[in-house]
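Enquirer: Structure incoming, see below.
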């Protein structure tokens, strides 16, 4: 798995042209989708940025959704691993939510574009990595951590990601991690006093 501070796609040299072209397409898609949004980006735009022809684009990714799913799979693999570690190491709901916030804020500071893929999932299709029905997704994990209440999970998710959305959309400078503890202290107050954490 890739550490969070690394770019999602290796910049190294490949022995064959096919892996190199595929990598360039994924890198171009990552840049464009993270900055413009999934719906606003066309395969033509991605091909132009990657400097590949339509035939090469179609060979590697027959549809835009095929490309989107592969992009999410590769870019978010380390995120899902880190989220699973939070759940495993913090059975108490309050400490788990605080750790979750620290993780998201650290991710924003190190890889803001990857964070954008988590916070702004596409609407035309739902990648498995961020689908609430996927037990390993960040939102499904959060729901378990706070006891299974879907409405409360939605409220807490909004409180956790709202400051990151604002910072990202307005290109505000500065790190988020130094604010994690103070924000977590406020957000955990949303949890009921009897919240015991993970539910089956």
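Enquirer: Using a Gaussian network model on the chain with a 10 Å cutoff between Cα atoms, which of 39, 87, 110 fluctuates the most?
Expert: 39
Enquirer: Counting alpha carbon pairs within less than 8 Å and at least 6 residues apart, what relative contact order, in whole percent, applies to region 76-190?
Expert: 34
Enquirer: Using helices alone, what [θ] at 222 nm do you get for the chain, with -39,500 (n - 2.57) per DSSP H run of 4 or more residues, divided over all residues and rounded to the nearest 500?
Expert: Using -39500 (n - 2.57) per qualifying helix, the result is -19500 deg cm²/dmol.
Enquirer: Grab the beta carbon distance between residue 48 and residue 170, set R0 = 35 Å, and tell me the FRET efficiency rounded to 0.05.
Expert: The pair residue 48/residue 170 has a calculated efficiency of 0.80.
Values quoted throughout were computed directly from the atomic coordinates according to the rules given, and no laboratory measurement underlies them. Values in this document were obtained by computation on a predicted structure and should not be read as measured data. Note: ideal-geometry Cβ built from the backbone for every residue, glycine included; neighbour counts use all protein chains shown.
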